[in-house]
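**Q** There's a structure below that I have some questions on.
What follows draws every value from the coordinates through simple rules; no lab data is involved. The model shown is predicted, which means the values in this text are computed figures rather than measured ones. Every residue, glycine as well, gets a Cβ built from its backbone with ideal geometry; the counts of neighbours run over all protein chains shown.
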Amino acid sequence: MKTYTVAAIPGDGIGTEVISAGIEVLQALAKRDGRFAFKVDHFDWGGEYYKKHGRMMPVNGRDLIKKHDAILFGSAGHPDISDHITLWGLRLAICQPFDQYANVRPTRVLPGITSPLRSVTDKELDWVIVRENSEGEYAGVGGRVHQGSPLEAATDVAMFTRPGVERIMRFAFRLAQSRPRKLLTVVTKSNAQRHAMVMWDEIAVEIAREFPDVTWDKMLVDAMTMRMVIKPQSIDTVVATNLHADILSDLAAALAGSLGIAPTANLNPERAFPSMFEPIHGSAFDIMGKGIANPVGTFWSAVMMLDHLGEAAAGARLMRAIERVTADKRCHTPDLGGTARTADVTAAVVAAIEGAND
Ligand code: ATP
């Protein structure tokens, strides 16, 4: 029997609640399947770890997880610690050195869930946003001088490299090609940003030649926000820079009904390092410890993890279980207008997996 090693990093806030729910569901799935198992190693990194040790993860943290088959991540964020410390100290400290350059974010309106867009169905809103995850506006290039003086200055330089743009474009075109509609929108801002975004557009044209069966178009990011709301059915696969896709995917999550549902995969497509799977929501301290966090974003992230591990049939089984459960309004957590608790949703998904006769 194949055993997959998973590094679980629940992090902070509701991260701990949704990751333990996710592991429960994964173990039920492995038991139901019988052909594979999970060995889960837990790492207590995050805000509390920072308070004790002055860093978000140990110096050799990456060495401890680099041999795992996948990483399941909750959320990093702490009310007492600056966001840039929690983000750069843990999530980006894993994503960047592990070269997880493709951040993939599917969005669909799941059965039983109402989109704030009037009468939109899952057929009309079925998107995958590919976010460049290694450079661009979040490259970390920049500096700050003369702090405390009236002359204080700061820069964040958006850095785009030809190999970095080529590989994310190729990834996005390939993904679009694998989906039934073979449709890609390249998001840009080359009207106002006349260097890197112009190169981004040029590289899109070059890579498009390798994928003659993919229909693609180019869209300014501001116009894209309108198109997502007004013509959601005209969109399928989307590729955008780190910053643009960060914003667009939060909009996408809201349009799909709740931030609590949306999953994401940080992929190293070459598999030189483990890839990382996480719900897109943050640590949500306002609901921490109340037992009402929606675990669906983590379950859907687990589906993406199974697909990446080559266990597509098990991934499809989990997705069917999730959809069966969201279709039942009694299993909706408060973010979806219901009264169910994290444990109720988890138990319902486990029951759907155990009862599956496929
Ligand atoms: P961070 O600073 O770590 O990004 P945050 O609290 O600022 O965290 P999010 O956690 O992303 O931001 O979410 C914003 C709000 O959405 C939360 O305050 C919470 O009420 C709601 N929310 C997010 N995720 C969930 C979830 N899984 N279940 C229920 N509600 C959620």
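**Q** I want to check the label-to-label distance for Asp213 and Asp44. Put each point 7 Å from Cα in the C-beta direction and report it in nm to one decimal.
**A** Simple spin-label model gives 5.2 nm for this pair.
**Q** Counting only Cα atoms, I'd like the Rg/Rh figure for the chain, Kirkwood definition for Rh.
**A** 0.96
**Q** With every atom except the alpha carbons ignored, what do you get for Rg and Dmax of the range 1-160, in angstroms?
**A** 19.5, 66
**Q** Next question. Looking at the chain as a GNM with Cα springs under 10 Å, which of Asp12, Asp69, Asp44 has the largest mean-square fluctuation?
**A** Asp44
**Q** Then there is this: Could you tell me which trypsin sites (Lys or Arg not before Pro) in the range 105-144 are loop residues by DSSP with no more than 12 other beta carbons within 10 angstrom of their beta carbon?
**A** Loop-located and lightly packed - Arg118, Lys123.
**Q** Shape verdict for the range 115-256, please, from the Cα gyration tensor: rounded (a/c under 1.5), prolate (a/b greater than b/c) or oblate.
**A** Cα axes put the range 115-256 in the oblate bin.
**Q** How high is the FRET efficiency between Glu206 and Lys66 when r is their beta carbon distance and R₀ equals 45 Å, given to the nearest 0.05?
**A** Plugging the Cβ-Cβ distance into 1/(1 + (r/R0)^6) gives 0.85.
**Q** Oh, and also: If you take the charge dipole of the chain about its Cα centre, with +1 on Lys and Arg Cβ and -1 on Asp and Glu Cβ, which of Thr161, Leu306, Ala252 is farthest toward its positive end?
**A** The listed residue farthest towards the positive side: Leu306.
**Q** Which whole-Hz ³J(HN,Hα) couplings does the range 243-259 yield from phi under the Karplus relation 6.51 cos²θ - 1.76 cosθ + 1.60, θ = phi - 60°, glycine and proline marked x?
**A** 6, 4, 6, 4, 6, 4, 6, 5, 4, 4, 4, 5, 5, 7, x, 6, 4
**Q** Computed FRET efficiency, Cβ-Cβ of Ser149 and Leu251, R0 35 Å: what is it to the nearest 0.05?
**A** Efficiency computed from Cβ-Cβ geometry: 0.35.
**Q** Around Thr185, which amide H atoms from residues at least 5 apart in sequence, or from another chain, sit under 5 Å from its own amide H, with H modelled in the peptide plane?
**A** Amide H to amide H, under 5 Å and 5 or more residues apart or across chains, Thr185 pairs with Asp217, Asp236, Thr237, Val238, Val239.
**Q** Then there's this: Compute the distance in nm between two label points, each set 7 Å from the Cα along the Cα-to-Cβ direction, one at Ala356 and one at Asp286.
**A** The modelled label-to-label distance comes out at 3.4 nm.
**Q** Would you check the chain for Lys pairs whose C-alpha atoms are within less than 16 Å, ignoring same-chain pairs closer than 8 in sequence, and give me the count?
**A** For the chain, qualifying lysine pairs total 11.
**Q** Another one. Using 7 Å Cα-to-Cβ label points, what is the Arg118/Gln177 separation (nm, one decimal)?
**A** 4.1 nm
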